[in-house]
1. Can you give the accessible area per residue of region 197-384, in Å², using a 1.4 Å probe?
2. How big is the gap, in Å, between the Cα center of region 176-213 and the Cα center of region 34-60?
3. Among Ser289, Ser345, Ser242, which one shows the biggest mean-square fluctuation in a GNM of the chain, springs joining Cα atoms closer than 10 Å?
4. Can you pull the percent of region 97-210's accessible area that's carbon plus sulfur, 1.4 Å probe, other chains left in place?
5. For helix 261-270, what angle does its Cα long axis make with the longest principal axis of the chain, in degrees from 0 to 90 and rounded to 10?
6. Suppose we look only past 31 Å in the calculated P(r) of the chain. What percent of the Cα-Cα pairs does that tail hold?
7. Around Ala315, under 15 Å between beta carbons, what's the net of Lys plus Arg minus Asp minus Glu among the other residues?
8. Considering only protein heavy atoms, what per residue accessible area in square angstrom results for region 1-93 with a 1.4 angstrom probe?
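The values are calculated or read from the model by the stated rules, or taken from the named source; none is laboratory data. Remember, it's a predicted structure, so these values are computed and weren't measured experimentally. Using ideal geometry, Cβ is built from the backbone for each residue, glycine included, and neighbour counts are taken over all protein chains shown. For the accessible areas, the whole protein counts, side chains as well, though only heavy atoms, and no ligand, DNA or RNA atoms are used. Shrake-Rupley method; radii C 1.70, N 1.55, O 1.52, S 1.80 Å.
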Amino acid sequence: MKILVLNCGSSSIKYKLYNMDDKSVLAQGGVERIGLDEAFLKLTLPNGEKKVIMHDMPDHKEGVNFVFQTLLDKEIGAIKDLSEIDAVGHRVVQGGDKFNDSCIVTPEVEKGIEDLCDLAPVHNAGHLRGIRAVDALMPTTPQVVVFDNAFHSTMPEHAFLYAVPYKFYEDYHVRRYGFHGTSHRYVSQRVCEYLGRDIKTQRIITCHIGNGASMAAVKFGKCVDTSMGLTPLEGLMMGSRSGDIDPSAVTYLMEKTGMKPQEMAEYLNKQSGVLGITGISSDMREIESAAAEGNKRAQLALDMYNYRIKKYIGAYAAAMGGVDIIVWTAGVGENQTGTRLDACSGLEFLGIKMDAEANKVRSKEAIISTPDSKVTVCVIPTDEELVIASDTQRLVSKQG
């Protein structure tokens, strides 16, 4: 079975085509600047070479159509006919309280995703455009949606509710939803396979640390807490997101600066975090380099960044009554050795002992704690697209 995985944003489409017989990637790439000048598709060829193709793409339908054209291209394509694609799987950021598992797309499911646009206006609208573009171009091909927050739907009420009047939850669905769920789900399962353990016996803290970052407490196979909230803004300090902040600080700044809600949201999401503290970049590699050269604000940002991860590790260990495994994943988690070491230092009282030599590994499955560490610390590269492809295969096969 061949499954095409799409992740459609407001002006972008990322894609991967899988052969699910051996889970190999047949093609991958992404479209950028849909609806804007100088739109293009960037793909990775089988030999690893990158290729950029400029193409006018006024909307998502044309974007998806150009992805299909590229997949069919005689020189750089991966298939001879669109009928070879058995199903299409989509990432959907916000499933709200409506969806707690992946499902096959129906008119009712589309309506449900549309109804949740208030909670994720940019993301869900982009996902819908992608779903409808595929439906217009390949109307008989089944589509599946995999929700980013579905893995977190097992959180108990005392973990997901905010301490505001309960009617806000009843009337406006204001609560913690969490994100990166597909990644947290994958690495929590994969680390147990890697270590030869039963996930139903393990207390796991998953650290998805990238430009956007979140952590989850996974107790005996179920998520019991996560750091992101109603939106991806809450929780850890991130590349350009503030993470946890006193709401009164936000209203105070709005009064002082005259910023309106949307302007403040832009600052907190796109001008804060590591970028806001350093004034240099949201890229942790650049921040580490600057800190090594003596830039004090870069070092401050690193200290703040790592400290918050450490706090969440401690909090989640307390929430679960201990911890057996800590997993690092995503761009920073898989590659920034200093962050992993610093965030875990000082946690020896929890039974964490890091192996500095083993910690040098990058983007490779590995144990980075010492053999006598009571808590096993691992690096597990994430594969969210494979989870989407697997769910799509499972549901389509079940449908018959």
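1. Details: 8560 Å² over 188 residues.
Result: 46 Å² of accessible area for each residue.
2. Their Cα centres are 32 Å away from one another.
3. Its mean-square fluctuation being the largest, the pick is Ser289.
4. Details: 2670 of 5250 Å².
Carbon plus sulfur share of accessible area: 51 percent.
5. Its long axis makes an angle of about 80 degrees.
6. Details: 32605 of 79800 pairs.
That tail contains 41 percent of the Cα-Cα pairs.
7. Numbers: positive: Arg176, Arg203, Lys219, Arg308, Lys310, Lys311; negative: Asp225, Glu234, Asp244.
So the environment of Ala315 carries a net charge of +3.
8. Details: 4610 Å² over 93 residues.
Per residue, region 1-93 has 50 Å² of solvent-accessible surface.
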